[in-house]
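Please read the structure below before turning to the comments.
The values are calculated or read from the model by the stated rules, or taken from the named source; none is laboratory data. Just so it is clear, the model here is predicted, and its values are computed rather than measured. Quick reminder, even Gly has a Cβ in these numbers, built from the backbone with ideal geometry, and neighbours come from all protein chains shown. Side chains included, ligands, DNA and RNA excluded: accessible areas come from the protein's heavy atoms. Shrake-Rupley method; radii C 1.70, N 1.55, O 1.52, S 1.80 Å.
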Amino acid sequence: MDPIYYFIIGLILVLSVFDLVVGVSNDAANFLNSAVGSKAASRRTIVIVAAIGVLLGSLFSSGMMEIAKSGVFMPAQFTFHDIMLIFLAVMLTDVILLDVFNTFGLPTSTTVSIVFELLGGAVALALYKIWMEEPGAAQELYQYINTANALKIVSGILSSVVIAFSTGLVVMWISRLIFSFNYKKSFKYLGALWCGVALTAITYFAIFKGLKGSPIVSKEFMDALNADIWLYVWSSFGIWTMLMWVLQTFLNVNILKVAVLAGTMSLALAFAGNDLVNFIGVFIAGAESLTLAENYVAGGGDLNTFTMGGLMTPTVADWRYLLGSGVVMVLALYFSKKAQTVTETEVNLSRSGGGVERFGSVPPARIAVRYALQLGKIVEMVLPKKVASFIDTRFKPLEEKDESGASFDLIRASVNLTVAALLISLATSLKLPLSTTYVTFMVAMGSSLADKAWGRDSAVYRITGVFTVITGWFFTAFAAFTMCFIVANFLAYGGLVGIIAMIALVVFLLFKSTAVYRKRTLEMKKLRKEEYSHTEAVSKHSKEVVALMTRMAEIYTSTLESLNVEDRRRLKKLRREANRIRKELSDKMALEVVPIVQTLANEDADRGKRYMQMIDFSTAVYESLSNIVSASFTYIDNNHEGLSLERIETLRTMKRGVSGLYSDFSTMVTTHDFSKLDEAVNTLDSLDEECAEILKKEFVLSGDDLGDMRQTLLYLNLLNETRTMSRKVLLLAKVHKQFVLGN
C-alpha cells in the first residue's frame, strides 16, 4: 500500500475537523435563532441546551453516512485512487467555501455544498477517465453518476423549501388563531396541552425515529420499540402534558420557555443527525475505502485495478467517530466567534414591527406583494363579516412594547423550532439529506408571514431579502460544483505536486480569511467607538466628505469631457460608478447610520442627526451627479451628435466655477476653518445667477429640428442638475460646520 494514501486519509481527517468547526459556525444560526430572537433565555443557556442536542444528535446520524459513500456517484466505476482524490477534493473545497461564507457573515447550506462538491468531483474524475481512455473504464458520463439518487436528493432539497414555508405558515396561522397575541390568558388553560403536543411530536421524530440506524441501539431493540410505537407515543403525550401542567400550575414556570428550549435542543439534535454527514461523512467513507483496499492488497490484488463497489454495502459508523465529532461541534459552537455573527439575517427578516430594513426592493417582490393584497381583498369579500372580524381580533398585535427587546414572541418561537425539528427529523428517519438552513429559514419566513410580521410598509423588503437568500443558495450549489470540479482536475493531473500545491493554497486562504475577518471586526469596533468620540468622529467623517466631494468633482469633469469627445465607453463607466456611490451612501444611511444614531445618548443625539443630514445631502449630491452622467450617456448611446462648441465652452466655464467651489469646500472641511463659508455662498450665488442668465437665452426650437431639440433639452438638464448639485454641496458645508462646531 502506497504511503501517500495514509497521508491523504490523515489529511482528510484534519480537514474534517476544520470542516466541523466552520460548518457549525455557519449552521449555528439554524437552531439558535428562534430562542435568541424570542429572548427565551440568556445566550449562554441557549448554547448549553443546544450543545446537549448536538451531542445526542451526533450518535443518531450513522444512517446518513451512506450519502457520502454512494448517494451521488457510482463507486463501482471508480478505482480506489479515484475515490481518494474525489474525497480529498471535496474536503479541500468544502473547508474553503464554508470559511469564506463565514468570514463575510453569509449563511449558506452545508448540505447543498457537500452534495454538489461530491457531484463536481465525481464528474471531474469521470471525464478524466474518459479522456485518458483508461482500460476498462466506461465511456459514458451517466454511468459514473448515481443519477436517480442524485436527482432524488436535489429534488428533496428543493421541495423542502416549499414544504417548510407552507407548513410554517399554516401551523403559525392556526396557532395564532388559537392563542392570539394576548396569549397569556388562554395559555393558562391550553398551555400544558399545547406544550405536550409539541414535546410529544419532538420526542417521536427526534428520539423514536432518530434512533433508527444509530450504532448505540440494536436492531432487536428497534423492532420491539416499533411493535408498540403508538403506546409509547400516547404515553409520552400524557407524561409531557402532565409535567407541563404541574410546572405551570404549582411552580409558576413559564412552560413556553421550556418548550422553546426543548425545541432548541431537538432542532440541534436533528441538525447533528442530518448534517453530520456533511462534515465527517467523507472521512468515514474514505476510511472504509482504505480498509477495503488494504484487505484487497493483502489478498494479492492489484490496487490499480481495484474498484470500489464495496462502498455500496450499508455499514454502521463507529460511534466513537460520531461522539468525537459531536464534541468538536460543541466546542466550536461555544468558542467560535464566527458562530455568533450568523443569526442577524433570519431574525431581521422575521422580526415583528418596523425599523430599518436590511434589503431594498426588486420587481418580483413588488409583484408578489401586489397580488397578495389583491388576494386578501378577495378573501375579505368572501368571508362573512363576523368571521373576518373574529380573525382580525386574533391577529391584532399588542399595543404595549416588549421591554425585553425580543424580535417575536414565544408562541412563534415554539412553532419555528417544533416545525423545523419535525421536518428535519422526518427526513433523517427516511435517510433523506436536506438543508437545515433551508428548512429553518423558510419555516421562520412562513411563520412570520402568517403572523402578519410583514406589514405593507415592510413586506416588499422582507420578500426581497428572502429572494436574496434563496439566490445565494443557488450560488452555493454552482460555486461548490465548479470549485470541486477544478480542484479534482488539478489533483488528477497534478499528482503529488498538485496535492501539495492545493494544501498550500488552502492553508494560505485560511490564514487570509482569518486576517480579513479580524480586520472587519476591528473596523466595526472602531466605527462604533468613533460614533461616541467627538474628536475621532469629526476627523473620520471629514475625510469621508472630502473624499466624496473630490471624486464627485472628478466624475463631473470627466463626464463633460467625455460628452465633448462622444466617448460612450467612458460615460458608461462613469455612470456605473456614480450610481454605485449613490447606492452605497443610501445603504450606509439605512444599515449603519440610522441604527447607530438611534443608540446615541441624548447629549450626542443632535450631533448624530447632523451626521444623518450630512449623509443625506451627500446622497442627494450624487443623485444629481448620477442624473448628469446618465443623461449624457443616454444621449451619446443613441448616437446623437455632441453638444455645440458654444455650449461646451459654457459648461466648461460652469465646471471651473463649480470645481473652485468644491476645492474651497474641501479646504474648509480639512482645516475646520469655515471663515470663508460666506464667501463661498456669494460665489455660488454668482454662479447661480450666471446659470439663470444662460437659461433665459435658451429657447425651444420647432418640432422640425428634433436633433437640436434633444441637444437643447440635454443642455438645459445639465445646467439645472449642476445648479441643484451645487446647492446641495453648500447645504452639506453648512451642516458639516454645525457638526464640527456643535451648534
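With at pLDDT below 85, open to solvent by less than 10 Å² (accessible area, probe 1.4 Å) and closer than 30 Å to F408 by Cα as the only criterion, which of L106, L98, L56, L20 stands out?
From the options L106, L98, L56, L20, the qualifying one is L98.
Go through the range 121-169 residue by residue and tally those that are farther than 20 Å from N489 by Cβ and exposed (fewer than 15 other Cβ atoms within 10 Å of the Cβ).
Total satisfying the criteria: 10.
Which residue, of A259, A270, is at pLDDT below 85 and of a type outside the set (S, T, N, Q)?
From the options A259, A270, the qualifying one is A270.
Any idea which of A444, A488 is touching a Leu at 6+ places or on another chain (Cβ under 7 Å) and small (G, A, S)?
Going through A444, A488 in turn, just one is touching a Leu at 6+ places or on another chain (Cβ under 7 Å) and small (G, A, S): A488.
Could you figure out which of (1) under 40 Å from the mean Cα position of the chain (by Cα); (2) open to solvent by 10 Å² or more (accessible area, probe 1.4 Å); (3) under 26 Å from T683 (Cβ atoms) isn't true of D637?
With (1) under 40 Å from the mean Cα position of the chain (by Cα); (2) open to solvent by 10 Å² or more (accessible area, probe 1.4 Å); (3) under 26 Å from T683 (Cβ atoms) applied to D637, the lone miss is (3).
For the range 143-191, give me the residue count where each residue is outside any helix (DSSP H, G or I), closer than 30 Å to Q77 by Cβ and of a type outside the set (V, I, T).
2
Has the range 647-658 got at least one residue that is crowded, with 18+ Cβ neighbours inside 10 Å, in contact with a helix residue (DSSP H, G or I) (Cβ under 9 Å, 6 or more places away or on another chain), in contact (Cβ under 8 Å) with a residue 40 or more places away in the chain and farther than 24 Å from S558 by Cβ?
no
Yes or no: the range 553-567 includes at least one residue that is touching an Asp or Glu at 6+ places or on another chain (Cβ under 7 Å), under 30 Å from S644 (Cα atoms), at pLDDT 80 or above and in a helix (DSSP H, G or I).
yes
Being modelled with pLDDT of 75 or more and either open to solvent by less than 100 Å² (accessible area, probe 1.4 Å) or out of contact with any His (no Cβ under 7 Å at 6 or more places or on another chain) (or both) is the filter here; which residues of the range 704-714 pass it?
Residues satisfying the conditions are M709, Q711, T712, L713, L714.
Based on this model, can you work out whether L701 counts as modelled with pLDDT under 75, surrounded by 12 or more Cβ atoms within 10 Å (Cβ to Cβ) and not in a helix (DSSP H, G or I)?
yes
Show the residue pairs that are 6+ apart or on different chains and have beta-carbon atoms under 9 Å apart, the first residue being within the range 227-254 and more than 16 Å from S414 (Cβ to Cβ), the second being assigned to a helix (DSSP H, G or I) and open to solvent by 90 Å² or more (accessible area, probe 1.4 Å).
Taking only residues 6 or more apart or on different chains, the pairs are T249/K188.
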